[in-house]
């Protein structure tokens, strides 16, 4: 075991190719990396209790600054002892900066070089985020890892990425200056879309500011998988080896394996929890829509061999019944399964890295996994 | 400990006034009475896992024949091993007869002396229940306690109760004849509204048929509390002391105490689970609407001194936040609390009966409890 060091030090234990196994020390416990963070947008990982998260072996939970600022309000969370106490999660928490959500309100927000004015999606009220405001909110929330306020532009638009990158860099420096709490690690976010020169510029600029960790932002928002992988391969060698790297918003099983293959240490995504509430199960072979009629009389578990509470206690027929009857338990059981799968994959990947067998592990996994069919039409083989 | 006797024998251990403490032996375990059964309408106690029910110390769970017949279908439940296996509840289960739900479809059902024709609330399809059909469905479901198919008329309508009672009695005899499984106990249901002579007639008729347990039906459906209590006082002495008595559909804290005071052994009600999903908490002092604004910054637990998972881990402010944000966890935590309270009250009442201190217990409880204000206007004190 590693000695407790709640100082945001990152110990790199092993490499297997570019894949890394390490430990990131936080005030609320050690993160064994690579790690996947389930998302608790509004201070709850939807459909689970904190006791469920502990049973699942979750270590890091992400929560959203934009949502908590609007409701119940970051001042209220602070009054009640901060986010850990409020949601009763004793382990490490990461909050995003609020930027991603605010920029996605594309019809109601206005960006200037100082910050962003936007309207609440709840009641239409007007609000303004600046780098300083984002840090102040995140300090009220009190997560272990907090994020620089950045702009996440469309990844294929070079001209816009050029403009946004300067803003993101200026804001990163302002966040560092604004930050006051020593018990929070502020991560910088590398932007630059799919453009290697912009990514390189961003990585170099942010590295000089000496953050305790670096996120790779602006991916999984419209580019192809090949473009995502190429961008990770550009950025990874530019980041300091002794700091954790966080790929934001990524969390399908194949993306996790491909990310770890390319040196990523931390991931988060709403995918396992959102799919569960929509009646879909993640498995090592691909996704299952549990609403489908063939499951109505299926006595098998959702995924054969899975050791989660859902798969060791219930049949596909029961899960489908719960979905059709719109029972809350459907969401809970599928969320338990989906999160269990992703956390298990992370633990398996860590073990494979420590054994230096990760290349085989990744190859085997990806050979057996059938990714979700892309929404865009697949080109036919005829010219 | 009582020796395991899965034979539907009822051992009466103690009396305290009319209140009784006993054990009812079923194939899936002993029921320590008095007992409250949470309701799992569609083969799930809404918002809880079976593991939660075990943690809460639940022993008996009720499920609904009408709902399971329509969806997923009783044949399918039988194929998958019966209701215990399907919903993974290892303890005793009780199913109702389907009659109450069918009769409540007042616009689409037609009653004759042989049975009831009705339309599904899901898709409008036509169906027919008879005593024999209800028993066949309940045998497919496989609960430990099953109920006779009866008619539950408006409790204040004497003329209609007179007609319905003859039908209920004829149907009770047909249910006994139709029943084939030796591992299920069929309970008869005493009807007769608020009319002592009809209740007496019903109790005498059904007692002669020698059921292993008796329900008191037709209460908590429109009569006053005083009328409910008076009816219980009429029926109780007429029922054999060596058989359990089940008051159907009753489950507010004050009604449980008042029922036990009048010799009832088994209760069920959707109240704790339904209130929870509507954001209301049951407490020993009365109900709390957790949505109310004063709870927004309240750092106290839902109920001081409560040992449930909700009250030992979360604040009223957090619960209110979850309700306002429409998070599933609100329903789960409040359901845990409400069911915990009712199950704890049952355990306390059993202990008080065994100590022969139940009269004091009931008096103290009722003196401190503020029942929900009735929906009908309260008479003013001026004439």
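Since every read-out is calculated from the coordinates, none of them should be taken as a lab result. These numbers were taken from a predicted model, which means no experiment stands behind them. Please note: Cβ atoms are built from the backbone with ideal geometry, for glycine as well, and neighbour counts cover all protein chains shown.
Compute the Cα gyration tensor for region A:264-383, then decide on rounded, prolate or oblate, letting a ≥ b ≥ c be the square roots of its eigenvalues: rounded whenever a/c is under 1.5, prolate when a/b is larger than b/c in the other cases, and oblate in all that remain.
oblate
Strictly greater than 27 Å: what percent of every Cα pair in region B:194-348 meets that? Display every interim value, and only then the final one.
On the way: 4289 of 11935 pairs.
The answer is 36 percent, as a whole percent.
Could you sort A:260-266, A:29-35 so that the peptide with the highest average Cβ count within 10 Å comes first and the rest follow in order? Mind dumping the intermediate values first?
Working: A:260-266: 24.7, A:29-35: 22.6.
The densest-packed peptide leads the list: A:260-266, A:29-35.
Ratio of Rg to Rh for region A:10-269, alpha carbon only, Kirkwood? List each step's numbers first, then the result.
Working: Rg = 17.1 Å, Rh = 18.3 Å.
The Rg/Rh ratio comes out at 0.94.
So what are the radius of gyration and Dmax for the Cα set of region B:311-377, in Å?
So, for region B:311-377, Rg and Dmax equal 16.2, 47 Å respectively.
From other protein chains only, count the Cβ atoms within 10 Å of every residue's Cβ in B:41-47, then give the mean. Numbers along the way, then the final one.
Working: counts 2, 7, 6, 10, 2, 4, 6.
The mean count of partner-chain Cβ atoms within 10 Å per residue comes to 5.
How many angstrom lie between the Cα centre of region B:306-363 and the Cα centre of region B:51-122?
If we compute the Cα centre of each part, the gap is 26 Å.
So if R0 is 56 Å, what FRET efficiency would residue A:363 and residue B:347 give, r being the distance between their Cβ atoms, rounded to the nearest 0.05?
Given R0 = 56 Å and the Cβ-Cβ separation, E is 0.50.
In which sequence would A:116, A:270 go, from the one with the fewest C-beta neighbours within 10 Å to the one with the most?
A:270, A:116
Spin-label point model (7 Å from Cα, Cβ direction): what's the residue A:312 to residue B:119 distance in nm?
4.8
If we sort A:294-305, B:341-352 on the protection proxy, mean other Cβ atoms within 10 Å, highest first, what's the order? Let's see the in-between values first.
Numbers: A:294-305: 15.5, B:341-352: 19.7.
Top to bottom by mean Cβ count within 10 Å: B:341-352, A:294-305.
FRET efficiency for residue A:128 and residue B:372, Cβ-Cβ distance as r, R0 = 30 Å, nearest 0.05? All intermediate terms of the calculation are to be shown ahead of the outcome.
Details: r = 45 Å, r/R0 = 1.49.
Using R0 = 30 Å, I get an efficiency of 0.10.
Please list log₁₀ I(q)/I(0) at q = 0.05, 0.06 Å⁻¹ for the protein assembly as shown, using the Debye equation with identical point scatterers on the alpha-carbon positions.
After summing over all Cα pairs, the log10 values are -0.32, -0.46.
Assuming R0 = 56 Å, what is the FRET efficiency of residue B:166 and residue A:225, from their Cβ-Cβ distance, to the nearest 0.05?
The computed FRET efficiency comes out at 0.20.
Work out the mean other chain Cβ neighbour count within 10 Å for the residues of A:310-321 and drop it here as an integer. Show your work: numbers first, answer last.
Values: counts 1, 0, 1, 5, 6, 5, 0, 6, 9, 0, 1, 12.
Per residue, the average neighbour count from other chains is 4.
Multiply the residue separation of residue B:71 and residue B:7 by 0.36 nm, subtract the distance between their alpha-carbon atoms, and state the gained length in nm to one decimal.
Contour length minus the Cα-Cα distance gives 20.0 nm.
Need one value for B:322-328: mean number of C-beta atoms belonging to other chains within 10 Å of its residues' C-beta atoms.
For this peptide, the per-residue mean of nearby foreign Cβ atoms is 6.
Sort B:125-132, B:103-110 for me by packing, meaning the mean count of neighbouring Cβ atoms within 10 Å per residue, highest on top.
B:125-132, B:103-110
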